[in-house]
Each structure stands twice: as structure tokens, then as C-alpha cells.
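Reviewing the structure listed below.
The values are calculated or read from the model by the stated rules, or taken from the named source; none is laboratory data. Every value quoted in this text rests on a predicted model; they were computed, and no experiment measured them. Neighbour counts are summed over all protein chains in view; Cβ atoms, including those assigned to glycine, are modelled from backbone coordinates with ideal geometry. For accessibility, only protein heavy atoms count, side chains too; no ligands or nucleic acids. Shrake-Rupley method; radii C 1.70, N 1.55, O 1.52, S 1.80 Å.
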Amino acid sequence: MSKTLDNKPTASTAESKVYSKITRRLIPFLILCYFFAYLDRVNVGFAKLHMQDALNFSDTVYGLGAGIFFIGYFLFEMPSNLLMQRFGPRFWIARIMATWAVLSAGMMFVTTPTQFYIVRFLLGVAEAGFFPGIVFYLTLWFPSWRSARTLGLFILVTPLSTIIGSPLSGLILKMFEGVGHLHNWQWLFLVEAIPSFLLAFVVLRYLDNDVKSAKWLSDAEKQVVINDLAKDAANRARANQGKVDSSVKGMLKNGYVWLLAVVFFSFNIGYYGINFWLPSIIKSSGVSDDLHIGLLAALPYVFGACFMVWNSRHSDLKQERRWHIAIPAMIGCVGLALSAYCSGSTFWMMAWICVAMSGTLALIPTYISLPGALLSGTAAAAGIAFVNSIGNLAGFFGPTVLGWLKDTTGRTDTGLYILAAFLLLCAPLILALPARLANPKKVIAVPEQSGEQLDAAQHINATINRNV
């Protein structure tokens with residue numbers, strides 16, 4: 001690969017073909033897996049439309065149950081990612097998918113608030129490690145200067161799962177009403193869990209643990225990736241002035257990792273608050289048909305998906321990360337605040353929710369690329385999981401606060417203003433991260449046999465060999 005001073009890598013046609021081949025092999029399949037993971041996580045928002053009345057749950061009970069998923073997620077996310085390093089991505093991802101499918105289907109048997117809390121907590125435990133595990137898995141295939149666009153393609157499943165899943169969930173509720181001896185919300189949990197269970201077995205046959213074990217790549221193609229990852233590690237060491245501690249202890253001592261965790265926490269307060277409550281917010285605006293609610297709930301994610309792809313590609317093009325996170329966060333804040341202000345009008349509320357989702361979704365892939373760019377080795381696996389787990393604690397607070405405020409005031413607009421304020425907080429926090437650490441590393445010409453590059457190459461090969 002050719003290199004120039006103070007410029008991003010200039011990829012040859014052959015190199016681009018290698019990464020295109022890897023992208024075609026991995027990303028569509030990982031998108032499919034995460035689609036059903038995300039669907040099984042948030043379909044409780046649609047089940048609520050009927051489950052809440054059938055089981056006589058208050059909004060506070062629903063909000064707590066929806067959010068308690070993230071307590072289990074928080075507690076087991078980092079251990080799960082470390083275990084994935086030990087057992088290999090292929091086996092561990094399959095294990096995660098099978099267990100979350102069984103527990104998601106088990107939601108159909110819930111009858112009391114306590115059972116609701118327990119199953120949702122266990123679902124969080126089961127799914128913990130899947131998303132950060134995939135993020136870490138992709139760092140074994142793509143260097144940092146390609147990370148935002150690659151993660152942008154993968155995380156595109158977040159809006160897609162809602163664009164497709166919302167109408168699908170509404171349709172299942174409508175079609176299965178009165179079928180057999182089950183309620184339509186019970187059918188929803190069962191039907192949407194089956195694909196995840198079946199895909200777990202496909203994972204075992206389809207995924208490779210890393211570049212070295214990929215039989216569909218030639219030796220020359222593998223070497224292109226291994227060399228790029230080695231150069232990436234060397235650049236990371238140079239940006240940190242050689243002070244890169246790849247241990248878990250070193251990760252926990254890194255103040256910037258904690259800063260990233262706080263940023264993600266603030267972001268997720270707003271994001272998951274919208275996510276779990278959007279169907280109910282739409283219903284409260286006067287829409288009663290389940291399918292119509294599903295179609296309307298999908299609309300903001302269409303705009304979000306388009307903005308997400310554009311923002312991640314533009315971030316890679318400009319080799320800049322911080323402003324590509326801060327500006328979308330501010331857009332999300334404005335959109336969410338104005339959606340609360342216009343809550344009396346379905347049209348204007350939905351219009352501003354579309355703006356809010358465009359901002360919040362757009363920053364995700366650019367942000368998610370940061371922990372892997374700051375860290376290496378075991379610290380990268382642990383750091384990605386740590387930041388994600390702390391951030392996802394907000395998934396507990398966001399829905400819970402909205403549920404409590406809805407029961408207390410009978411309104412959701414106050415809660416939405418609070419969520420908007422947390423989104424706004426993301427902007428100054430991410431700008432506190434130095435640009436030299438946040439932005440993709442500039443490639444500086446170095447001797448091919450320099451000790452630093454050889455050390456980095458040895459580290460990459462050690463990581464690969466450990467995962468075979």
C-alpha cells in the first residue's frame with residue numbers, strides 16, 4: 001500500500017478488492033444476525049400495546065421492565081467480550097444468539113411484573129457481548145481508516161430493524177389476534193425469536209474467527225490485511241507516544257475511555273427513551289391501528305439510515321471524528337425537544353422525531369469506531385465492551401424515567417425534554433477528546449523493518465493466533 005506524509009492511506013485497486021471481498025462476505029450476514037438481535041430486544045415496545053392491558057401493568061412497570069434488560073447487559077458485557085477472545089468469535093456469537101432466542105420466546109409466558117423483570121434481565125445477560133463482540137471482531141479484519149464506513153454498513157441494521165421490524169411487528173399483532181389460545185403479543189415474541197435460534201447454527205458454519213482462518217482468502221489477500229493491521233497498531237503507538245497498555249488494567253486507567261463511556265451514556269439516554277416509547281407516543285397522538293403505528297414508527301429510521309450512511313462515509317473521507325459526532329448530537333437534541341413541543345400534532349411530532357433520529361443514528365458508527373482506535377489487544381476487546389456496557393446503562397434509565405413521568409404527570413413531553421438535554425451534553429463531552437486521538441491515524445512513512453512496525457506486526461499475529 002502506498003503511503004504519503006500527513007495523508008490517509010492511498011489504497012491500491014488490489015487492496016480495495018480485498019476489503020470489498022471481506023465486506024461482501026461478512027457484513028450482510030452480520031447485519032442479518034444483528035437485525036434479529038435488535039428486533040428481539042425492542043419488540044417489547046410493540047408487545048406493550050396489548051400486553052400492558054392484558055397483564056394490568058402500569059407505565060412504571062413497563063418502563064422498568066424494558067430498561068432492566070440493560071442491567072444484565074451492563075454486568076455481563078465485558079466478561080462476554082473477554083470470553084469471546086478465549087473461545088473464538090464463531091462459537092461465542094452462536095452461543096449468544098441461541099440463548100437470547102430462547103429467552104426472547106420465553107417472554108410469551110410472562111404473567112406478573114416480577115416475571116417480566118426477571119426474563120428481561122436474563123435476556124440482557126444472554127445478549128451481552130453480541131454488539132461489542134461484533135465491533136471487536138471487525139477490528140480483526142479492518143484497519144482504523146476503514147472503520148467508520150464499515151461500522152456504518154453494519155450499524156445500518158439499527159434503523160433497518162425498525163424500518164422492517166416495526167411494520168412486521170404491527171402485522172404480526174394484527175394477523176395473530178385470536179389465533180389459537182395465545183394473545184397476539186405472545187405470538188409476537190415467539191415468531192420473532194425463531195430466526196435468531198436458527199441463525200445460531202448457521203454462524204457455526206459460516207463465520208471464521210479471523211483473517212488467518214479464512215479459507216476464502218488467498219495467502220496474498222490475508223497478508224494485505226495483516227500488514228494493514230500491523231501498520232495501524234504502529235500508528236496507534238506513535239499517536240500515544242509509545243504509551244499503549246494493551247491490558248485490561250491499562251484500559252481502566254485510561255481517562256479517555258471513561259470519557260467515551262460518559263458520552264455513550266448521555267447519547268443512549270435519549271436514543272433508547274425514544275426507541276422503547278415511540279409506538280406508545282404515536283398511539284397517544286391519536287393513531288389506533290397496530291399496522292399504521294408500525295408504519296409510522298418506521299419512518300424516522302428511514303431518514304436516520306440515510307444520514308447515518310452519509311455521515312460515516314463523510315467522516316472517513318475527511319478523516320475526522322469529533323465534529324461528525326457533536327453536530328449530529330445537537331441535531332438530535334433539537335429534533336427531540338421540538339417533537340415534545342409539538343406532541344399535540346401527529347404530523348409535526350413525527351416530522352421532528354424524524355429529525356431527532358437523523359441526528360442520533362448518524363453519530364453511532366463514527367462514535368463506535370473510537371474505542372478500537374484508542375486501544376489495542378485485550379484492552380481493545382475489554383474497552384469496546386466497557387464503553388458499550390456503561391453507555392447501555394442509559395437504556396435502563398431512559399425508558400424507566402419516561403415510564404415514571406408518564407404515570408406521574410400523564411404526559412411524555414417532560415421526559416422528552418430531559419432526553420434531549422442528555423443528547424446535547426454529548427457535544428461538549430466528545431469535543432474534550434483530543435483530535436490526535438479521535439481522528440484516524442495519519443500514515444507516516446517509516447522503514448519497512450523498523451522495530452516499532454515489527455513489534456506491531458508481532459502483536460497482530462499474536463492476536464490472530466490466539467483466536468484460531
Q: Would you point out the residue of the stretch 19-38, among those that are over 24 Å from Asn227 (Cβ atoms) and among the aromatic types (Phe, Trp, Tyr), that is modelled with the highest pLDDT?
A: Phe29
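Scan Ala329, Ala337, Ala297 and give me the residue that is out of contact with any strand residue (DSSP E or B) (no Cβ under 9 Å at 6 or more places or on another chain) and modelled with pLDDT under 85.
Ala297 is the lone residue from the list that is out of contact with any strand residue (DSSP E or B) (no Cβ under 9 Å at 6 or more places or on another chain) and modelled with pLDDT under 85.
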Q | In the stretch 283-309, the residues that are over 20 Å from the mean Cα position of the chain (by Cα), assigned to a helix (DSSP H, G or I) and hydroxyl-bearing (Ser, Thr, Tyr) | A | Ser284
Q) If we scan the stretch 348-355, do we find a residue that is buried (at least 19 other Cβ atoms within 10 Å of the Cβ), β-branched (Val, Ile, Thr) and either part of a loop (DSSP other than H, G, I, E, B) or touching a Pro at 6+ places or on another chain (Cβ under 7 Å) (or both)? A) yes
Q | Residues of the stretch 53-84 classified as touching a helix residue (DSSP H, G or I) at 6+ places or on another chain (Cβ under 9 Å), surrounded by fewer than 20 Cβ atoms within 10 Å (Cβ to Cβ) and of a type in the set (S, T, N, Q), total | A | 2
Q. Is there any pair with a first residue in the stretch 241-267 that is more than 17 Å from Asn439 (Cα to Cα) and at pLDDT below 70 and a second that is among the hydroxyl-bearing types (Ser, Thr, Tyr) and not in a loop (DSSP other than H, G, I, E, B) whose Cβ atoms are under 8 Å apart and which are 6 or more apart or on different chains, and what are they?
A. Ser246/Thr378; Ser247/Thr378; Val248/Thr378
(Q) Six or more apart or on different chains, Cβ atoms under 8 Å: show the pairs whose first residue is in the stretch 114-139 and closer than 15 Å to Phe396 by Cα and whose second is open to solvent by 10 Å² or more (accessible area, probe 1.4 Å) and part of a loop (DSSP other than H, G, I, E, B). (A) Phe116/Phe57
(Q) Considering only residues that are more than 16 Å from Tyr271 (Cα to Cα), surrounded by 24 or more Cβ atoms within 10 Å (Cβ to Cβ) and of a type outside the set (A, V, I, L, M), which ones fall in the stretch 282-310? (A) Gly294
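Residues being polar (S, T, N, Q) and open to solvent by 50 Å² or more (accessible area, probe 1.4 Å): count how many of those fall in the stretch 100-111. Break it down into steps so the answer makes sense when it comes.
Looking only at the stretch 100-111, we keep the residues that are polar (S, T, N, Q), and these are 104, 111.
Going one step further and asking which of them are open to solvent by 50 Å² or more (accessible area, probe 1.4 Å), we end up with 111.
Number satisfying all stated conditions: 1.
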(Q) Among the numbered criteria (1) more than 22 Å from Met84 (Cβ to Cβ); (2) at pLDDT 85 or above; (3) within 23 Å of the chain's Cα centre (by Cα), which one does Tyr206 miss? (A) (1)
(Q) Suppose we filter Tyr73, Tyr62 for residues that are touching a Lys or Arg at 6+ places or on another chain (Cβ under 8 Å) and aromatic (Phe, Trp, Tyr); which single one remains? (A) Tyr62
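Hand me the list of helices (runs of 4 or more DSSP H) wholly inside the stretch 102-210 holding 3 or more residues that are closer than 27 Å to Met357 by Cβ and among the hydroxyl-bearing types (Ser, Thr, Tyr).
On the way: elements: 113-127, 130-139, 147-155, 157-175, 184-206.
Result: 157-175.
Mind checking whether some residue in the stretch 35-52 is more than 19 Å from Ser284 (Cβ to Cβ), part of a helix (DSSP H, G or I) and over 15 Å from the mean Cα position of the chain (by Cα)?
Residues of the stretch 35-52 more than 19 Å from Ser284 (Cβ to Cβ): 35-41, 43.
Narrowing further to those that are part of a helix (DSSP H, G or I): 35-41.
Now restrict to residues that are over 15 Å from the mean Cα position of the chain (by Cα): none.
There is no residue in the stretch 35-52 that is more than 19 Å from Ser284 (Cβ to Cβ), part of a helix (DSSP H, G or I) and over 15 Å from the mean Cα position of the chain (by Cα).
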Q: Go through the stretch 178-209 and count every residue that is touching an Asp or Glu at 6+ places or on another chain (Cβ under 9 Å) and open to solvent by 70 Å² or more (accessible area, probe 1.4 Å).
A: 1
Q) Inside the stretch 248-281, can you point out the residues that are surrounded by fewer than 17 Cβ atoms within 10 Å (Cβ to Cβ) and in contact with an Asp or Glu (Cβ under 9 Å, 6 or more places away or on another chain)? A) Lys253
